[in-house]
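Novice: Pasting a structure here, questions to come.
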Amino acid sequence: MIKITNLEKFYRTEEVETIALNKLSMHVDTGEFVAIMGPSGCGKSTLLNILGMLDDPDEGSYVFNDIEVAHFTERKRADLRKHNIGFVFQSFNLIDELTVFENVELPLIYTGVPSAERVKRVEEVLDKMQIMHRRNHYPQQLSGGQQQRVAIARAVVNKPKLILADEPTGNLDSSNGNDVMELLTDLNEQGTTIIMVTHSEHDARYSHRIIRLLDGQTVMENIMI
Amino acid sequence: MSPSPLCKRRGMVEKINENKKSLMIKNYFKIALRNMWKHKTFTFINITGMAVAFGAALLLTLTAFFELSFDTFHQNKNDVYQLYIEQHHANSVDEGSTMPIPMTPALKAEFPDVVHITRYGDFGGSALRYGDKIFNDDVRCVDADFFKMFTFPIVNGSTINPLADKNDIVLSATVAKNIFGNQNPIGKLIELKVDNGWKSMNVTAVAADAPKNSSFDFGLLCRFEQFPGYDQNINEWNSQSHNVFLQLPTGEKQAVFEQKLKTFVQKHYDASIKQLIHDGAKPDNNGQVLSLHLIPLTDIHFSAISSQSRAISKFYPYLVLLISLFIMFIACTNFINLSLGRAFTRAKEIGVRKVIGATKTQLIVQFCSESFVICGISLILGVIAACIFLPQYKLAFNQQVSLNILASPAIISYILGGFVLISLLAGGYPAWLMSVGKTAQTVKGKVGAGQSSSLRNSLMVVQFALSSLLIICTAITWQQLNYMRTKPLGYNKSEVVSIPIGSNIDPEKALTQMRSKLSSYPQVVSVTGTDMNLGKGLDNSSSTSIMSFNYKGRTVSTNWLRVDYDYVKTLGLQVVNGRDLSRSFGADSTMVLINQKMAEELGEKNPIGDLLPTDGAKLQVAGIVKDFNFKSLHHEIAPLTMVIRTGWPINYILVRVKSGNLASSMALINKVWKDTNPHTEVGASFLDENTERQYNKETDLSKIFVTGAIISIVISCMGLFAIVILIITQRTKEIGIRKVLGASVNNILFLISKDFLKLVLISICIASPIAWYAMDKWLQGFEYRIQIQWWVFVITGTIALIIAFVTISFQSIKAAVLNPVKSLRSE
């Protein structure tokens, strides 16, 4: 599904040039659950942003579903992204002014799903995440675990092929964290590819494979059995 | 004895407290300046907006105060009144301020308690001779009481009673300087041109020039006995020619005196009253058909009745003041909204200050000091801008404003009061709102955005409603002006040149000479003369003569127009019945032309050949011309009678030229006229220029509307721009999330603009009915007017929406194309 080759990304300030990704190559197959680990500043988030087509690489190739997307225009990337990729963030990133239902509905609005169909799909996914009873609440009225469940619901409502999760349990206690990991595992078992950035060895154990990064390069790959 | 240790300590504590206070104030201003520097965009928008508003409001306020200050410089302003007469007819009411000559002596004799009384007659622009030099100046004829009633200080000569003798004359300072240069004019003799030659007058005094805000303007003042026609009309109650002013005893009420005048009117107007009743006059509430009334001196400037006034509606200065308040309000709204919006970003600072011990008062003082700094800078810049643009403003808006008014305590307190109020309101309210927030919340950077956003929205609605109101008013004023400019008036106004004859040539001779000289030029079609200009010529004068006579037992009133041969041909009028006046009919000086309205007034099926018993002589109707607008479009076409009688002087020569190359025709006419009358000072003008000049007041009004509209829309948009920046800052995270979820640039643009466009739409809905009502009222003042069209509101609304949308888009697009990775990271 994903094949990146010699990917490079630099950040420049006036004085220094930081290399975030240094000729990084990797691949992810359809249906895999991959964890990316590494210390702060190793390039995890940069990699995730590029994989999520939020950012473009400076050098190298990125093939997504047999399409080279490394130098796609912003518009094309956005189009590919909204149909194929769901995001889960550490800080949930729900919109405070919208209710649970409206937050989850948002991606469907942007992909132009008709209203009746939207209601059906949002209800379906809320039901699955067991937060249906909270559909008219605002994010601030929910616990952290519930908020992350809403965020995951929002990430999957569009039935994406790939879910990118950036430390999804980072702001949660261990019990809520485990719930979230179970949810991700379920999604993966139903066929969704998942790439997750994490600091937690515990969470990483839910994955099939761990890629460890240091200074923008792959230093080790562990296959989980 | 040395102070006790306790006293010493108290003194130290006080000193420390004082130090603390001054340190605190220093700290406030330091923070204020740093904050302003840090948020340059907001500071710039605040200061520019406020400075422009202060400057514009200042100029407009000066204009309004100038208009309102008319005639207020007279010491006796509360006791002096102008007399006017009111006559009720069957279907109409006539009000006029011109009086018969015997009125004043009669009032003096019958009301001994009236303190002073004077007639004020316009001698007309008159020729003066001193030595062999000839001058042309405005001479007014007054009674000796004039200088006791009005405050026109004598700067040279007799101060006690400068017009004691019949042949005394008083000059204005400017005229004295013109005629005598550096010589002392007192005691010198100058000659005044009267009907039959020159008359010697003795200069007794020089009065200071009348200020610009005076309804009276004069170059020379002579005794009323010199007034043209004085001797013939000394006992004539039916010939009105001048204004009368009187000073009541201090404390006497206007209404009381008007009551007293009842018996006076009955005594002197007995015959007129009987005639009015006979003609079916409807009496007023007091049962009178003819009555005398008073206009307070300070109201004369705004009076439509007084022939002394410029008939500026009193509504006008207040409208100007209102527009200046609108502009100030809009700028203040920006200020308040930006402060409120920034409260959000500054909440953390406030929280920290509270945590380390700042009290609510201290916080409010801090924020107010910031707003005082900004308002202060803006006020100074605004005053500077007003001073710089004053000459252009005066020129563009035809306003007689001077900065001297600024020195008046009323204006100073008005401006300073406004300044303090604005600073307190704009700084104080957001400060209060922020300082009452819960410390624990504010330190986390949270401030109740909800309560301030509804206030912000309401303020923005009012702001845009005011701007839309001004845009709509501009559009409708412009439409009406355009309508008046292009409406066919029933005569040729583009190819007819009008020449004011002036006083230094015999008018009949001038006409004859011009006729014969111009006849040799092929581009001249015809030449005629008249006593009344069409529109307003370069001599800036306009007049009306109305003649009433008894026609078959009832009174008929008609406008009276002295014309000469070829009047119909020159103006391109249409004779619909009978014939034109023509030299080929020998006796045409006893024939008249009437318009269709007059024919209607006479009530005859075919009035051709009818005899009109006017003015002693019987005049016969020769023809009827199609109605034309001989007055401005404010007035309906009235009955008109045109006569060729050399007894009435002509004042204007009208020349019809061929179409094409009008400029060269004008040059030719001016040259020939200069040959004929070398002393001429006033130039000729085309009639279309003259009719345009009639609407100067409306043109000025429309200019004020346009400027007000532009300034308010620009300031409103600056505010909107800043608010959008704030909103986007607050919603950066949301925009980022939406983009990650697949929102396009258009989605984001729509998201941000829809809330604002909704507000603008509401504003338009509020402004439209108000504008419609106000402009409909205004249009009522025109006999000929446009209908207000619904699409004016649609178009102006669309324009307002587009302007707002462009303003919003500018920042929104910037936010929408931003990489969401950045906006989410900053979180």
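Novice: Within segment B:192-208, take every residue that is modelled with pLDDT of 90 or more and of a type outside the set (S, T, N, Q) and give me the one that is farthest from B:LYS148 (Cα to Cα).
Specialist: Checked segment B:192-208; the qualifying residue farthest from B:LYS148 (Cα to Cα) is B:MET201.
Novice: Further question on the same structure: Conditions first: (1) among the charged types (D, E, K, R); (2) out of contact with any helix residue (DSSP H, G or I) (no Cβ under 6 Å at 6 or more places or on another chain); (3) at pLDDT 85 or above. B:ARG785 passes all but one, so which condition is the exception?
Specialist: (2)
Novice: Exactly one of these conditions fails for B:SER753: (1) away from chain A (no Cβ under 14 Å); (2) farther than 30 Å from B:ILE505 by Cβ; (3) out of contact with any Phe, Trp or Tyr (no Cβ under 7 Å at 6 or more places or on another chain). Give me its number.
Specialist: If we test B:SER753 against (1) away from chain A (no Cβ under 14 Å); (2) farther than 30 Å from B:ILE505 by Cβ; (3) out of contact with any Phe, Trp or Tyr (no Cβ under 7 Å at 6 or more places or on another chain), just (3) comes out false.
Novice: I've got another one for you. Enumerate the helices (runs of 4 or more DSSP H) found wholly within segment B:659-749, keeping only those where 3 or more residues are within 14 Å of chain A (Cβ to nearest Cβ) and farther than 30 Å from B:LYS509 by Cβ.
Specialist: B:732-740
Novice: Let me ask something additional. Looking at segment B:802-820, which of the residues that are of a type outside the set (S, T, N, Q) and surrounded by 19 or more Cβ atoms within 10 Å (Cβ to Cβ) is nearest to the other protein chains (Cβ to nearest Cβ)?
Specialist: Within segment B:802-820, the match that is nearest to the other protein chains (Cβ to nearest Cβ) is B:PRO820.
Novice: Is one or more of the residues making up segment A:149-167 on the phi > 0 side of the Ramachandran plot and free of Cβ contacts under 8 Å to residues at least 24 places away in the same chain?
Specialist: Checked against the condition, which is being on the phi > 0 side of the Ramachandran plot and free of Cβ contacts under 8 Å to residues at least 24 places away in the same chain, segment A:149-167 yields at least one hit.
Novice: Take segment B:644-676 and flag every residue that is within 28 Å of B:GLY609 (Cβ to Cβ), out of contact with any helix residue (DSSP H, G or I) (no Cβ under 8 Å at 6 or more places or on another chain) and touching a residue at least 40 places away in the same chain (Cβ under 8 Å).
Specialist: If the condition is that a residue be within 28 Å of B:GLY609 (Cβ to Cβ), out of contact with any helix residue (DSSP H, G or I) (no Cβ under 8 Å at 6 or more places or on another chain) and touching a residue at least 40 places away in the same chain (Cβ under 8 Å), then B:TRP648 is the only one that fits.
Novice: Kindly provide the set of residues from segment A:124-140 that are outside any loop (DSSP other than H, G, I, E, B), of a type outside the set (A, V, I, L, M) and more than 13 Å from chain B (Cβ to nearest Cβ), ordered by number.
Specialist: A:GLU124, A:ASP127, A:LYS128, A:HIS133, A:ARG134
Novice: Right, here's the next one. A:MET26 - would you say it is over 25 Å from A:ILE152 (Cα atoms), within 18 Å of the chain's Cα centre (by Cα), surrounded by fewer than 20 Cβ atoms within 10 Å (Cβ to Cβ) and of a type outside the set (Lys, Arg)?
Specialist: yes
Novice: Moving on. Given A:SER40, A:SER45, A:SER25, which one is within 11 Å of chain B (Cβ to nearest Cβ) and of a type in the set (Ser, Thr, Tyr)?
Specialist: Of A:SER40, A:SER45, A:SER25, the one residue that is within 11 Å of chain B (Cβ to nearest Cβ) and of a type in the set (Ser, Thr, Tyr) is A:SER45.
Novice: Right, something else. Inspect segment B:98-111 for any residue being part of a strand (DSSP E or B) and under 22 Å from B:ALA176 (Cα atoms) and give the result as yes or no.
Specialist: no
Novice: Is there a residue in segment B:132-149 that is closer than 25 Å to B:PHE264 by Cβ and modelled with pLDDT under 85?
Specialist: No, there is no match, as no residue in segment B:132-149 is closer than 25 Å to B:PHE264 by Cβ and modelled with pLDDT under 85.
Results for (1) part of a loop (DSSP other than H, G, I, E, B); (2) surrounded by 19 or more Cβ atoms within 10 Å (Cβ to Cβ); (3) of a type in the set (S, T, N, Q); (4) free of Cβ contacts under 8 Å to residues at least 12 places away in the same chain, shown as yes or no for each residue.
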| position | (1), (2), (3), (4) |
| --- | --- |
| B:ILE364 | no, yes, no, no |
| B:VAL373 | no, yes, no, no |
| B:SER378 | no, yes, yes, no |
| B:ALA396 | no, no, no, no |
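Novice: For the structure I just gave you, tell me whether A:ILE109 is under 22 Å from A:MET181 (Cα atoms) and of a type in the set (Val, Ile, Thr).
Specialist: So A:ILE109 does not fit the description; no.
Novice: Another question about this same structure. Looking for something within 30 Å of B:ILE727 (Cα to Cα) and in contact (Cβ under 8 Å) with a residue 60 or more places away in the chain - is there at least one such residue anywhere in segment B:381-388?
Specialist: Taking every residue of segment B:381-388 in turn, at least one turns out to be within 30 Å of B:ILE727 (Cα to Cα) and in contact (Cβ under 8 Å) with a residue 60 or more places away in the chain.
Novice: Among the candidates B:ASP138, B:ASP143, B:ASP132, B:ASP165, single out the residue that is among the acidic types (Asp, Glu) and within 30 Å of the chain's Cα centre (by Cα).
Specialist: Only one candidate passes the filter, namely B:ASP138.
Novice: Would you be able to say whether some residue in segment B:632-639 is under 29 Å from B:LEU60 (Cβ atoms), surrounded by 18 or more Cβ atoms within 10 Å (Cβ to Cβ), more than 14 Å from every other protein chain (Cβ to nearest Cβ) and of a type in the set (S, T, N, Q)?
Specialist: Applying the first criterion (under 29 Å from B:LEU60 (Cβ atoms)) to segment B:632-639 yields B:632-634.
Right, trim to surrounded by 18 or more Cβ atoms within 10 Å (Cβ to Cβ) and you get B:632-633.
With the extra rule that they be more than 14 Å from every other protein chain (Cβ to nearest Cβ), the set shrinks to B:632-633.
So of that shortlist, the ones also of a type in the set (S, T, N, Q) come out as B:632.
Yes, that holds for at least one residue.
Novice: Do any residues in segment B:216-233 that are under 26 Å from B:PHE70 (Cβ atoms) have Cβ atoms under 8 Å from those of residues that are surrounded by fewer than 17 Cβ atoms within 10 Å (Cβ to Cβ), where the two are at least six apart or on different chains, and which pairs are they?
Specialist: Final answer for the pair search is B:ASP217/B:ASP138; B:PHE218/B:ASP138; B:GLY219/B:ASP138; B:GLY219/B:THR174; B:LEU220/B:ASP138.
Novice: So how many residues does segment A:97-123 have that are part of a loop (DSSP other than H, G, I, E, B) and more than 8 Å from chain B (Cβ to nearest Cβ)?
Specialist: Of the residues in segment A:97-123, 5 are part of a loop (DSSP other than H, G, I, E, B) and more than 8 Å from chain B (Cβ to nearest Cβ).
Novice: Which of the numbered conditions does B:THR798 fail, given that it passes all the others? Conditions: (1) more than 14 Å from chain A (Cβ to nearest Cβ); (2) under 30 Å from A:ARG81 (Cβ atoms); (3) surrounded by fewer than 16 Cβ atoms within 10 Å (Cβ to Cβ).
Specialist: Result: B:THR798 fails condition (2) only.
Novice: Same structure, new question: Would you confirm whether any residue within segment B:570-581 is surrounded by fewer than 20 Cβ atoms within 10 Å (Cβ to Cβ), more than 29 Å from B:HIS89 (Cβ to Cβ), among the charged types (D, E, K, R) and modelled with pLDDT under 85?
Specialist: No, segment B:570-581 has no match at all.
Novice: Could we say that A:GLN90 is in a loop (DSSP other than H, G, I, E, B), modelled with pLDDT under 90 and within 12 Å of chain B (Cβ to nearest Cβ) here? First the steps, then the outcome.
Specialist: Values: in a loop (DSSP other than H, G, I, E, B): yes; modelled with pLDDT under 90: yes; within 12 Å of chain B (Cβ to nearest Cβ): yes.
Considered against the rule, which asks whether it is in a loop (DSSP other than H, G, I, E, B), modelled with pLDDT under 90 and within 12 Å of chain B (Cβ to nearest Cβ), A:GLN90 comes out as yes.
Novice: Looking at (1) in contact with a Leu (Cβ under 6 Å, 6 or more places away or on another chain); (2) more than 14 Å from chain B (Cβ to nearest Cβ); (3) surrounded by 20 or more Cβ atoms within 10 Å (Cβ to Cβ), find the lone condition where A:LEU164 falls short.
Specialist: (2)
Novice: Among the residues of segment A:54-67, how many are of a type outside the set (D, E, K, R), more than 17 Å from A:GLN90 (Cα to Cα) and within 10 Å of another protein chain (Cβ to nearest Cβ)?
Specialist: Counting residues in segment A:54-67 that are of a type outside the set (D, E, K, R), more than 17 Å from A:GLN90 (Cα to Cα) and within 10 Å of another protein chain (Cβ to nearest Cβ) gives 0.
Novice: Give segment B:253-290 a look and list any residue that's out of contact with any helix residue (DSSP H, G or I) (no Cβ under 6 Å at 6 or more places or on another chain) and assigned to a strand (DSSP E or B), or say none.
Specialist: Those that are out of contact with any helix residue (DSSP H, G or I) (no Cβ under 6 Å at 6 or more places or on another chain) and assigned to a strand (DSSP E or B): none in segment B:253-290.
Novice: So in segment B:221-252, with the set limited to residues that are at pLDDT 90 or above and in a loop (DSSP other than H, G, I, E, B), which one is surrounded by the most Cβ atoms within 10 Å (Cβ to Cβ)?
Specialist: B:LEU248
Novice: Considering only residues that are among the β-branched types (Val, Ile, Thr) and farther than 17 Å from B:GLY719 by Cα, which ones fall in segment B:322-344?
Specialist: B:ILE323
Here is a yes/no grid of residues against (1) surrounded by 24 or more Cβ atoms within 10 Å (Cβ to Cβ); (2) in contact with a Pro (Cβ under 9 Å, 6 or more places away or on another chain):
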position	(1), (2)
B:PHE329	no, no
B:ARG342	no, yes
B:ALA347	no, no
B:ILE350	no, no
B:VAL355	no, no
B:PHE367	yes, yes
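The values are calculated or read from the model by the stated rules, or taken from the named source; none is laboratory data. Small disclaimer: the values here were computed from a predicted structure and weren't measured. Note: ideal-geometry Cβ built from the backbone for every residue, glycine included; neighbour counts use all protein chains shown.
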